[in-house]
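Each reported figure results from applying straightforward, stated rules to the coordinates on display, with no laboratory input. Because the structure is predicted, anything quoted here is derived from the model rather than measured. Backbone-built Cβ (ideal geometry, glycine too); neighbour counts: all protein chains shown.
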Amino acid sequence: MTELPLIGEAVAVAAHGSDLRQLNGAKIGVVTFPGTLDDRDAVRAVRLAGATPVALWHADTTLGDVDAVVIPGGFSYGDYLRAGAISRFAPLMSKIIDAANSEARLPVLGICNGFQILTESHLLPGSMIKNDHLKFMCRDQVLRVENNTTDWTRDYAAGQEITVPLKNQDGQYIADEKTLDALEAEGRVVFRYVGFNPNGSRRDIAGISNAAGNVVGLMPHPEHAVEAGFGPEEGSGTEGLGFFTSVLNKIVGDNK
Amino acid sequence: MPRIVVDVMPKPEILDPQGKAIVGALPRLGFTAFSAVRQGKRFELTVDGEVTEEILAQARNAAETLLSNPVIEDVVNVEVVEA
C-alpha cells in the first residue's frame, strides 16, 4: 500500500515524484487561518482524491497557480465578533473572492467555518447563527445531494444520500424567505439534512452554491469521511471523498 | 477620551437562541416579570482627540461592514460618549 503522508511531508513527497503526484498535476489549495482546525484533514482528502495539496496561509497575498481552493473548518480568530467575520478580511480572502467571481470561476469549497467565511464574504447568501438548541453537536449526519452539477458534487448521483460527520455550534443556516425561495428555484440548495435537522437550519439546508456552481459551502465535514476505517460507521465511511474527486475531474476536464 | 458606542441587535424576525435561553433561566431565579429577552452587542470605539463628522461616518461605515452582518443583525445605535 502506498504511504499517504500528512501535510508536513507533502512537499517532500511531491519532490520525489511519488505515484500519487503523477496521478494528476491538479493543485488544490487549502487555507489555514489562525484557529483553523481541519486543514490537515482537508489536505489529506485532496491527496487521497489524487490531487496535489498546496498549503495556503491567510496572510498570503497571492494564490499562486492553484486550480481550486478549500477553506476548511475550525474556529478562525476564535469565532470572535461572528464566526468567519474577521477571516473574511484576510489578505488571501480578497484574492479568493476575485478568483471565484472571475471568468475562470475558481472552484472554492467552504466547510463549516469555511462556509461561515464564504457567507461573510458574500460569495454565498445567508448566514449561520447559533444552533437552535444552543449546544455544540457532533454526530454522523445523513445528507442528500440535491444538486450534482456543481464543481464539487459532479461525482455524486442526484438525490444520493451520503453520511459524513457534522460538528458545530453555529450551524443554523438562515436567510430571508425571498433568498431561500430563489436558492430553491435556482437549484442552489446543494445538500439537505435527512432524517434529522441538527441545528434548526431553514428548510433543512446543509449546503448551498453560488449561481455558477463553482463556490459551494456546507456545514458538515466531507474531509472527515475519505478513508476506510476512519469515517462514519454508517455507509462506506468514505462518502465525502466525492467532493474532492468531483473538483479534480472538473479540473482535468477543463484542461483537456 | 471620547468613545463612539455602537449597538448591534439581531434582526427582529430572526430567532435569537441566546435570548431564548436567558428568558428560560430568569424565572428559575425568581425574575418572573420578563416575557422575552433579546441579546445584542455593544462596541466602544475610543477616539484620540475630537470626534469629527468624518470620524463618526467612519464608525457608521465600520458598524455596517465589520461590526454587524446585515443578513442577521441591525445597527440600532451609533453615538458619541464623552469619557
* **Condition broken by residue A:203, with the remaining ones in (1) in contact with a strand residue (DSSP E or B) (Cβ under 9 Å, 6 or more places away or on another chain); (2) within 13 Å of chain B (Cβ to nearest Cβ) satisfied** => (2)
* To do: Of all residues in the stretch A:24-36, count the ones that are under 17 Å from residue A:110 (Cβ atoms) and surrounded by 18 or more Cβ atoms within 10 Å (Cβ to Cβ).
  => 7
* Among (1) within 14 Å of chain B (Cβ to nearest Cβ); (2) of a type outside the set (Asp, Glu); (3) buried (at least 16 other Cβ atoms within 10 Å of the Cβ); (4) touching a Gly at 6+ places or on another chain (Cβ under 9 Å), where does residue A:126 come up short? -> (4)
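Within the stretch A:161-170, take every residue that is away from chain B (no Cβ under 11 Å) and in contact with a helix residue (DSSP H, G or I) (Cβ under 9 Å, 6 or more places away or on another chain) and give me the one that is surrounded by the most Cβ atoms within 10 Å (Cβ to Cβ).
In this case the residue turns out to be A:164.
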* Based on what the data block shows, is residue A:164 of a type outside the set (S, T, N, Q) and in contact with a His (Cβ under 9 Å, 6 or more places away or on another chain)? -> yes
* Since residue A:115 meets every condition but one in (1) within 14 Å of another protein chain (Cβ to nearest Cβ); (2) more than 29 Å from residue A:229 (Cβ to Cβ); (3) among the hydrophobic types (A, V, I, L, M, F, W, C), which condition does it not meet? -> (2)
* Does the stretch A:171-190 include one or more residues that are touching a residue at least 60 places away in the same chain (Cβ under 8 Å) and either surrounded by 22 or more Cβ atoms within 10 Å (Cβ to Cβ) or farther than 22 Å from residue A:108 by Cβ (or both)? -> no
* Of the residues that sit in the stretch A:129-157 and are among the charged types (D, E, K, R), in contact with a helix residue (DSSP H, G or I) (Cβ under 9 Å, 6 or more places away or on another chain) and within 30 Å of residue B:68 (Cα to Cα), which one is surrounded by the most Cβ atoms within 10 Å (Cβ to Cβ)? -> A:130
